[in-house]
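Shown next, in structure tokens, is the structure this report addresses.
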Amino acid sequence: MKKVYVLKNRYVDSVTLMNVAEKINQVEGIFGAESDMGTPANVALLSDLGYDVPQGTGKNDLIIAIDADPGDQERAYQIGLDILDHRSTLGGNVYSDVNAIDLTADPYDLVQISLPGEYAAAEIRKALDRGLDCFVFSDNVSLEDELACKQLGREKGRLVMGPDAGVGLLGGVALAAGSIVRKGAVGIIGASGSGAQEVACLVEHMGQGVSCIIGTGGRDLSPQIGGITMLMALERLANDPQTQVICLVSKVADPAVMGRVLDEADKLDKPVTAVFLGAPKRLFDGRRVHGAWSLEEAAVLSVAMLGGEVHAPGRTRGQLEALAAALADGLPRERRYLRGLYCGGTFTEEAMILFHERCPQIPLYSNLDTVYASRLDDPHRSKGHAILDLGAEEFTAEAPHPIFDPALRLRRLEQELADGETGVVVLDFITGPGVHADPIMPFVPVIQAHPEVRFIAAICGAEADPQDISGARRALEAAGCVVTDSNYQSAWLAAAMLARMEGRR
């Protein structure tokens, strides 16, 4: 029997909601459980699943939907409430308002904010007034509110990381979708969450570690914001004794703002490397900052600046070329199209840049507005060679972001595999304590069931992450997937395959 509980005006972020549903589903006697905000898309999805959502349920209302015998429904609902109210958490204090925190008894220096965008700015101001740095996971914060909050933060000497900051690592604590990267001497400032995490994890894989990851939010380098957080973070890391090398990570941004940031970075005594994906080569001409053109290269340069021998991760270019030839030549000619199904927006961008550079004559399609590909008429149906960012709004309006729930991407993967012309599938996987507990293993049986298709994947994660990235890699490889050591290598291998497949035609 299915029952729906509605908590009016109770906002909960997507990470917590995912945890609530997972915990309820693990309870004996529960046939199914969903936990969502009452957006029209979520209400429609629950209705499709057979739940009767009460009329008048709105986007700010929390829904807990349970499929169980009547005697078990209340018990499961109470478990959900305990998680939401932190009664299932051992130790620690629970606060309902920033102003309720006694900073003498609990000397916090940072608050993580995950609220609907319309309410986030007020809480940011409260936290800044109390001398706290802010990590803002919330999205849909107006540009005007972002600017005002960051200007206030600058006045008070406190960082406003975000809005829409997806990854952070401060004081050894992974924030939002961040990984638990080994402590070390590379400090990363990222306007790209997945990009910053990729650099951090590659630094770890090369034997070094990270002092912190400061996320700025994707709009920080816009002309309206002017790089306020990135410039403040540069100053903070310049004075941080644990940080010996600073790495800046972003997609290409406003030229004037990028120039201003690099001007300040050039003045620092500490070495700085920077990657602005898609930026023109002339950006770093005459500068002290060391420019990189991929996330992998940024990590390699950062490690090299620490001194000592550097072992670049993964296969050499020659090895990748030979592997591409072997994989492509084994494909039937009708299996002629490549499909990239990405979670990370920066990974999608990096892959498309590389495809465009290596195969400029080959048409590429995407759901994104980009100079590197033509836009798909319908993002829900691929054609030709297609690279998709499944974390984009047209997909996450219908379901949780794929880093929090792999179901959306699994469905799209099955759809692509049903197309007899699909020959190569490229995947990225992101791990960490704040993402789905098992984002990789559900794909293993699907990959294993399709030996006629070539699968390429990269895992962006740290060894201390709870998902056991080493074990997951072995499982993927045993299923027939080629696992590379970086997103760049994954895209490089796929692009080499694409060129060879087109050459066959």
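The values are calculated or read from the model by the stated rules, or taken from the named source; none is laboratory data. Computed from a predicted structure; not experimentally measured. For neighbour counting, all protein chains shown are included, and Cβ atoms are generated from backbone atoms with ideal geometry for every residue, glycine included.
Give me the pairs, please: first residue somewhere in the range 477-505 and at pLDDT 95 or above and acidic (Asp, Glu), second residue anywhere and buried (at least 17 other Cβ atoms within 10 Å of the Cβ) and part of a helix (DSSP H, G or I), beta-carbon distance under 9 Å, and either six or more positions apart or on two chains.
Hits for this filter: Asp485/Leu202; Asp485/His205; Asp485/Glu296.
Within the range 133-157, which residues are buried (at least 21 other Cβ atoms within 10 Å of the Cβ) and in a loop (DSSP other than H, G, I, E, B)?
Scanning the range 133-157 gives Phe137, Ser138, Val141.
Please enumerate the residues belonging to the range 367-392 that are surrounded by fewer than 16 Cβ atoms within 10 Å (Cβ to Cβ) and closer than 16 Å to Arg411 by Cβ.
Scanning the range 367-392 gives Asp378, His380, Arg381.
Of all residues in the range 403-432 being within 23 Å of Ala326 (Cβ to Cβ) and among the small types (Gly, Ala, Ser), which is nearest to the chain's Cα centre (by Cα)?
So, considering only residues that are within 23 Å of Ala326 (Cβ to Cβ) and among the small types (Gly, Ala, Ser), the one nearest to the chain's Cα centre (by Cα) is Gly423.
Does Ala100 meet the test of being more than 18 Å from Met230 (Cα to Cα) and buried (at least 24 other Cβ atoms within 10 Å of the Cβ)?
So Ala100 fails the test.
Quick check: anything in the range 309-317 more than 28 Å from the chain's Cα centre (by Cα) and over 27 Å from Glu502 (Cβ atoms)?
Yes, some residue in the range 309-317 is more than 28 Å from the chain's Cα centre (by Cα) and over 27 Å from Glu502 (Cβ atoms).
Residues are listed down the side, and each one gets a yes or a no for (1) part of a loop (DSSP other than H, G, I, E, B); (2) closer than 14 Å to Ala499 by Cα; (3) over 23 Å from the mean Cα position of the chain (by Cα):
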{"site": "Leu354", "(1), (2), (3)": "no, yes, no"}
{"site": "Glu357", "(1), (2), (3)": "no, yes, yes"}
{"site": "Leu368", "(1), (2), (3)": "yes, no, no"}
{"site": "Asp378", "(1), (2), (3)": "yes, no, yes"}
{"site": "Lys383", "(1), (2), (3)": "yes, no, yes"}
{"site": "Phe395", "(1), (2), (3)": "no, no, no"}
{"site": "His401", "(1), (2), (3)": "yes, no, no"}
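Pick from the range 326-350 the residues that are part of a helix (DSSP H, G or I) and within 16 Å of the chain's Cα centre (by Cα): which of them is surrounded by the fewest Cβ atoms within 10 Å (Cβ to Cβ)?
Taking the candidates together, the pick is Gly345.
Let me spell it out: the conditions are (1) more than 20 Å from the chain's Cα centre (by Cα); (2) in contact (Cβ under 8 Å) with a residue 40 or more places away in the chain, and Arg158 meets all of them except one. Which number is the exception?
(2)
What is the one condition in (1) within 11 Å of Gly187 (Cα to Cα); (2) in a helix (DSSP H, G or I) that Ala256 does not satisfy?
(1)
Please note which strands (runs of 3 or more DSSP E) are completely contained in the range 30-132 and include at least 1 residues that are of a type outside the set (Val, Ile, Thr) and over 30 Å from Phe395 (Cα atoms).
110-113
Would you mention how many residues in the range 181-205 are among the hydrophobic types (A, V, I, L, M, F, W, C), buried (at least 22 other Cβ atoms within 10 Å of the Cβ) and either modelled with pLDDT under 95 or more than 20 Å from Val261 (Cβ to Cβ) (or both)?
4
Among the candidates Val249, Val261, Val275, Val199, single out the residue that is in a helix (DSSP H, G or I), closer than 19 Å to Gly166 by Cα, in contact with a helix residue (DSSP H, G or I) (Cβ under 6 Å, 6 or more places away or on another chain) and not assigned by TED's automatic domain parsing to the domain that holds Phe429.
Val199
Whether any residue in the range 27-47 is among the charged types (D, E, K, R), within 24 Å of the chain's Cα centre (by Cα) and surrounded by 15 or more Cβ atoms within 10 Å (Cβ to Cβ) is what I want to check.
Yes, the conditions are met somewhere in the range 27-47.
What are the pairs with Cβ atoms under 7 angstrom where one residue, in the range 360-374, is among the charged types (D, E, K, R) and the other, located anywhere, is surrounded by fewer than 20 Cβ atoms within 10 Å (Cβ to Cβ)? Sequence gap at least six, or different chains.
Asp369/Arg375
I'd like the residue in the range 206-238 that is of a type in the set (D, E, K, R) and touching a helix residue (DSSP H, G or I) at 6+ places or on another chain (Cβ under 9 Å) and, out of all such residues, is surrounded by the most Cβ atoms within 10 Å (Cβ to Cβ).
Ranking the candidates gives Asp220 first.
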